[in-house]
Amino acid sequence: MIAQQYLDKWTNLHVLAIGEAMLDCYLEGTSNRLCREAPVPIVDINSLKDVPGGAANTAANIARLGASVSFLSVIGTDLEGDRLKRTLQERGISTHNLIASTQRQTLLKQRISSDSQLLLRCDRGSTENIDPQIENQLIENLNRLYPTCDATVISDYGGGILTPRIIQTIAQLQTQYPRTIVVDSKQLKNFQFVNITAIKPNYQQAIQLLEISALKGKERIQQIVDWGAKLLDLINTQLAAVTLDAEGAIIFERNNPPYIIPSHPTSNSQATGAGDTFVSGLTLALAAGAAGKLAASIASATAAIVVTQPGTTTCSLSALHQSLSGNQKLVVSRESLVTSIQEHRNWKHKIVFTNGCFDLLHLGHVTYLKQAKQLGDILIVGVNSDESIRQLKGANRPVNCLSDRLAILSALESVDYVIPFAESTPSELIKIIRPDIYVKGGDYTPEMLPEVPLIEELGGEVKILPYVSNISTTAIVNRIYQTFSKLPSI
Ligand SMILES: Nc1ncnc2c1ncn2[C@@H]1O[C@H](COP(=O)(O)OP(=O)(O)O)[C@@H](O)[C@H]1O
Ligand SMILES: O=P(O)(O)OC[C@@H](O)[C@H]1O[C@@H](OP(=O)(O)O)[C@@H](O)[C@@H](O)[C@@H]1O
């Protein structure tokens, strides 16, 4: 199976994520003067951004990579707790299993930057072990959810959630209901009796466990290649993925030589949370059935995506598809769409936009896309997500999944960019693209298109191209059905 098929498979999985939920708060501003009290800059804050951090970032990555997630953690009954819940809800993650304790302060990691330069990180929040009453509630949640999930990912930042009793409960559940279980922990030794599938120590954690001294830069690679296999016995696991930040990762499996996955170094200031993303990708790929090296390569591809963006970020399923496919025409994020559009505007290109399902690409599609391209310089195609097609056309559609439809459209000379969208209309894309010309095939009239007023408001023109008669995906599906349902089965 190729890597991307595991991505399709994991969208049906349900993952249990457990660990310290944090609120990452980014305060961004500018600074033109020094403070009178001490030689420190005065920063005029002009933006504040809340993002899920720590184990909440792992849960957010699992969700953005397309799987379902149940997130177990403990926060305080404070304002920061409410802000953290809001960040999770905005990302479609349920906060029902977050226990709010009056005895605790939500973990807050506040970063202050001036002109994109990080100046200070201020931490606050409870890190002592949760009290026995809260522990009981967490154990109740674990007992309820563990058997229903396909995999578990533990993000243990040593902030009091993974107590000895919680780990013992996980060990018992794992014996009763064996699952893929991947652990990212500052105290990995605590998990040696859990029968875990894989561990993901970073360099610091690995050398601490191996009791070897710290080296710098690339020297670390040979050191970990020489010593890392010991981790498998130390923690009693099948796979150890040691991540070495800018130097990538080294994978250890029993009876196999170490496997090095290099990375393209970027600045460490962009790498916040890359470990959370890596462990999310690793858990999903292993749970979907990928073998160790492939699972780790997929995990590394997820981390490579987040390190290209500042701050704590997540990797989307479509970005991962794009990265694994090497498809240059696929635009996966709205941010990169904005950048590409700006470039074409600078070159005074005339932008044509159309959208649709493009399920079972046929002559009608190919003809109208070719004509659409001839109306301008650049043709951008918005492509409905699988879920939006199910809503529009019924549960049996699409026939071809999104990643296949994107790859097929990208192979056409007439198409310059393909961009998936999950909304019921392409209005959000239109607002970003502001097309000079909006095109639809002749099976539509302007009255049928809710986008027309928006296009006109933005100064664009709507064109309906001639309909290629008697050709449609529905007609093809019906013809196949009628022809083959009459034939004896082979
Ligand atoms: N500076 C960087 N440049 C490129 N890739 C990086 C960088 N930092 C992290 N990564 C990627 O993220 C993965 C996990 O990062 P690492 O910093 O080792 O973990 P953690 O965040 O848990 O400390 C690495 O294996 C690598 O793929
Ligand atoms: O452990 P401490 O430093 O107290 O707290 C965690 C932070 O350092 C950050 O660690 C990062 O993870 P990575 O470790 O970069 O994957 C992310 O989880 C951030 O959301 C989080 O704020």
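Quick rundown of the values:
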{"read-out": "Test result for S126, within 16 Å of G19 (Cβ to Cβ), modelled with pLDDT of 95 or more and either outside any strand (DSSP E or B) or aromatic (F, W, Y) (or both)", "value": "yes"}
{"read-out": "Residue list for segment 259-272, filter: more than 7 Å from ligand 1 (Cβ to nearest atom), without any contact (Cβ under 8 Å) to a residue 60 or more places away in the chain and either part of a loop (DSSP other than H, G, I, E, B) or touching a Cys at 6+ places or on another chain (Cβ under 6 Å) (or both)", "value": "P262"}
{"read-out": "Segment 273-307 - residue that is within 9 Å of ligand 1 (Cβ to nearest atom) and assigned to a loop (DSSP other than H, G, I, E, B) and, of those, modelled with the highest pLDDT", "value": "G273"}
{"read-out": "Among (1) within 19 Å of T313 (Cα to Cα); (2) at pLDDT below 95; (3) of a type in the set (V, I, T), the one test that I2 misses", "value": "(1)"}
{"read-out": "Inter-residue pairs, beta-carbon under 9 Å, first over 18 Å from S323 (Cβ atoms) and assigned by TED's automatic domain parsing to the domain that holds A100 and in segment 1-29, second among the aromatic types (F, W, Y) and assigned to a helix (DSSP H, G or I), 6+ apart", "value": "L16/Y146"}
{"read-out": "Candidates T197, T175, T148 - the one that is away from ligand 1 (no atom under 16 Å from the Cβ), crowded, with 21+ Cβ neighbours inside 10 Å and β-branched (V, I, T)", "value": "T197"}
{"read-out": "Among the candidates S70, S47, residue that is free of Cβ contacts under 8 Å to residues at least 24 places away in the same chain and assigned to a strand (DSSP E or B)", "value": "S47"}
{"read-out": "Residue within segment 221-242 that is assigned by TED's automatic domain parsing to the domain that holds L138, within 16 Å of T283 (Cα to Cα), at pLDDT 95 or above and touching a Pro at 6+ places or on another chain (Cβ under 6 Å) present", "value": "yes"}
{"read-out": "T30, sole failed condition from (1) in contact with a helix residue (DSSP H, G or I) (Cβ under 9 Å, 6 or more places away or on another chain); (2) assigned to a strand (DSSP E or B)", "value": "(1)"}
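Yes/no matrix, rows are residues, columns are (1) closer than 19 Å to A59 by Cβ; (2) in contact with a Cys (Cβ under 7 Å, 6 or more places away or on another chain):
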| residue | (1), (2) |
| --- | --- |
| R104 | yes, no |
| Q110 | no, yes |
| N141 | yes, no |
| Q172 | no, no |
| Q176 | no, no |
| F193 | no, no |
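Residues checked against (1) more than 16 Å from ligand 2 (Cβ to nearest atom); (2) under 20 Å from the mean Cα position of the chain (by Cα); (3) in the same structural domain as V383 (by TED's automatic domain parsing):
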{"site": "A274", "(1), (2), (3)": "no, yes, no"}
{"site": "L286", "(1), (2), (3)": "yes, yes, no"}
{"site": "H321", "(1), (2), (3)": "yes, yes, no"}
{"site": "S340", "(1), (2), (3)": "yes, no, yes"}
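The values are calculated or read from the model by the stated rules, or taken from the named source; none is laboratory data. These numbers come from a predicted model, not from an experiment. Positions of Cβ are backbone-derived with ideal geometry, glycine not excepted, and every protein chain shown enters the neighbour counts.
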